[in-house]
Amino acid sequence: MNPQDLIQKKRDSGRFLPAEIVAFINGVTDKTWADYQISALMMAMFINGLHQSEQNALTEAMLNSGEVLDFSELDASVADKHSTGGVGDKTSLLIAPIAAACGVFVPMISGRGLGHTGGTLDKLESIPNYNVNLSTTEFKKIIKKCGFAMMGQTAEIAPADHKLYALRDATATVESIPLIVASIMSKKLAEGLDALVLDVKTGSGAFMQSEREARKLAKALVKTGNAFNVKTEAVISDMNQPLGKYVGNALEVFECLTILQNETDKQTKQTLDLSIELAARILVLTKTASSSQKAKQKIKDVLASGEALEKFKENILLQGGNPKICDMPELLLDKNLLEVKIKSPESGFILEIDASEIGKAVSLIGGGRIQVDDKIDYAVGYSCDKKLGDKIKEHESLGTLFCRSETQAAKVLAKLQMAYKISLEKPVRKYELVKEIIS
Ligand code: URA
């Protein structure tokens, strides 16, 4: 099967047989296809789409391009949560210890932040010495000991995706639902899961800004997961403002640890609420709880008893970090940062927040990456002092920037102020954190 014939077939809207898709992915991994041929076929897929049978075949071929973990020797369910990315999106740090405390094993393979969105690995690396570069043997050992482990993508997991994603990034073929689904699901299915919950974000800080597109992606992800016998559900959640209180790596871990210590306030409660919702779906899908209501009660119990915090402590110790931060989260904070208030130019109510602008501002002061290999300043970030619908007075603080210098602050001040739209009238639309559950 030569590349030209396959490119022509999809260019002319043909439907591939599974063997043809396998030939394509083999060509990617054994490097017999040139980058321009791979890119041409992906552009044809982008334009003409994939039938579900092709979607499944592509996902399977990408999954089988590398190692697939097997946890069948464990006498418990294995599940994970994956988010399509957002600003201040830190729920993984709560869901993994909560699910583990409820008896579910969680092998969490996470990514790094890029552009305005953060990544779980960067947040974890703000914990001094926390090691996310584990071998799969170490990964499995830690999961067996404490119920969960978190690490980065290895070269052995879905290597075809690594190559395809880099080419898609360079050839304007990222925003294709079938290609996104194969990319996400090939990596998630390689974790050897019984159940998967997807948090598909929609809104100003999300990859899929419109609810319609988010729903389409969520449905496609769920359909594909279930086709591989992994019980899959998606939660469509709001990303029209940063999630919770903080944006920035160490600050986000700090937020999660205070939640695990049962200290929530109005802002951090949003992080807790979404984490409970997502963790509850995991407990129901794995039959650890018989209903969503019972799952939520179980989660509240492991939070109140400190078992979830204890799980995080065990995990931090096993992954090389300092577990003392679980008792003293303030150890994560850098006392030398400058705190600059972002003042409201007028009185009124917060009508809109451009979450992506807040994410970009934090990246610009070093808290995220503009280029893939940029170094990160884990300490810097932003605190959301006011959220959607809140009343605000002129000169009152919309948020606080934690940065290194006045020059740095000057670079992003206007950007942050302009991220907010203030209205004189109280907004009538009710804010919904969870918009829909797709099962
Ligand atoms: N995240 C992924 O892992 N892959 C995509 O294609 C898009 C987002």
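Ligands, DNA and RNA are left out, and with a 1.4 angstrom probe the accessible area of region 284-439 is 55 Å² per residue. Annotation for region 269-326: trypsin sites (Lys or Arg not before Pro) lying in DSSP loop with at most 13 further Cβ atoms inside 10 Å of their Cβ are LYS287. Amide H to amide H distances under 5 Å link GLU352 with LYS421, where only residues 5 or more positions off or on other chains count and H is placed in the peptide plane. Fully extending the segment from LYS343 to ALA414, taken as 0.36 nm per residue of separation minus the present Cα-Cα distance, adds 24.5 nm. Along region 120-130 the Karplus relation, 6.51 cos²θ - 1.76 cosθ + 1.60 evaluated at θ = phi - 60°, assigns HN-Hα couplings of 4, 4, 5, 4, 5, 6, 6, 7, x, 6, 5 Hz to successive residues, with x for each Gly and Pro.
Under 12 Å Cα-Cα from LYS421, which aspartates and glutamates qualify once same-chain neighbours fewer than 8 residues away are excluded? Straight-distance partners of LYS421: GLU346, GLU352, ASP354, ASP390.
Think of each Lys and Arg Cβ as +1 and each Asp and Glu Cβ as -1; about the Cα centre, that makes the dipole of region 1-59 roughly 100 debye. Scalar couplings 3J(HN,Hα) for region 149-157, obtained by applying the Karplus form with A = 6.51, B = -1.76, C = 1.60 to θ = phi - 60°, are 8, 10, 8, x, 4, 9, 5, 8, 8 Hz; x denotes Gly and Pro. When only the Cβ of Lys, Arg, Asp and Glu is charged (+1, +1, -1, -1), the dipole of the chain relative to its Cα centre reaches about 720 debye. For the chain, the Kirkwood estimate of hydrodynamic radius, built from reciprocal distances between every pair of different alpha carbons, is 22.4 Å.
Database remark: amide H of GLY88 closer than 5 angstrom to the amide H of GLY118, LEU243, GLY248 (H placed geometrically; neighbours at sequence offset of 5 or more, or on other chains; Pro and chain starts carry no H). When the charge dipole of the chain is built from unit charges on Cβ atoms (+1 for Lys and Arg, -1 for Asp and Glu) and taken about the Cα centre, the candidate among GLY306, ALA158, SER275 whose Cα reaches farthest toward its positive end is SER275. Work from the charge dipole of the chain (Cβ charges, +1 for Lys and Arg, -1 for Asp and Glu, about the Cα centre) and give the residue of GLY113, LEU50, ALA419 farthest towards its positive end. Result: ALA419, furthest along the dipole toward the positive end. Taking Cα atoms only, the orientation of helix 35-48 departs from the longest principal axis of the chain by about 80 degrees.
For the chain, the share of accessible area belonging to carbon and sulfur comes to 51 percent (1.4 Å probe, ligands and nucleic acids excluded). Charge dipole of region 79-329 (Cα centre as origin; +1 on each Lys and Arg Cβ, -1 on each Asp and Glu Cβ, all else neutral): 580 debye, rounded to the nearest 20. Taking 22 Å as the limit for the C-alpha separation, the pairs LYS90/LYS360; LYS387/LYS435; LYS10/LYS188; LYS341/LYS415; LYS375/LYS411 exceed it in the case of LYS10/LYS188.
What do you get for the angle between helix 159-170 and the principal long axis of the chain? Use alpha-carbon atoms, 0 to 90 degrees, nearest ten. Taking Cα atoms only, the helix is inclined about 70 degrees. Of all trypsin sites (Lys or Arg not before Pro) in region 364-398, which ones are in loop regions per DSSP and have a Cβ with at most 16 other Cβ atoms within 10 Å? Counting only loop positions with at most 16 other Cβ atoms within 10 Å, the trypsin sites (Lys or Arg not before Pro) in region 364-398 are LYS375, LYS393.
With the cut-off at 1.5 for a/c, could you classify region 196-352 from its C-alpha gyration tensor as rounded, prolate or oblate? It comes out oblate by the Cα gyration axes. Protein heavy-atom accessible surface, 1.4 Å probe, per residue over region 3-49: 53 Å². Calculated FRET efficiency, GLU406 to SER72, Cβ-Cβ distance, R0 = 60 Å: about 0.55 to the nearest 0.05.
The values are calculated or read from the model by the stated rules, or taken from the named source; none is laboratory data. Since we're looking at a predicted model, the values are computed, not measured. Please note: Cβ atoms are built from the backbone with ideal geometry, for glycine as well, and neighbour counts cover all protein chains shown. For the accessible areas, the whole protein counts, side chains as well, though only heavy atoms, and no ligand, DNA or RNA atoms are used. Shrake-Rupley method; radii C 1.70, N 1.55, O 1.52, S 1.80 Å.
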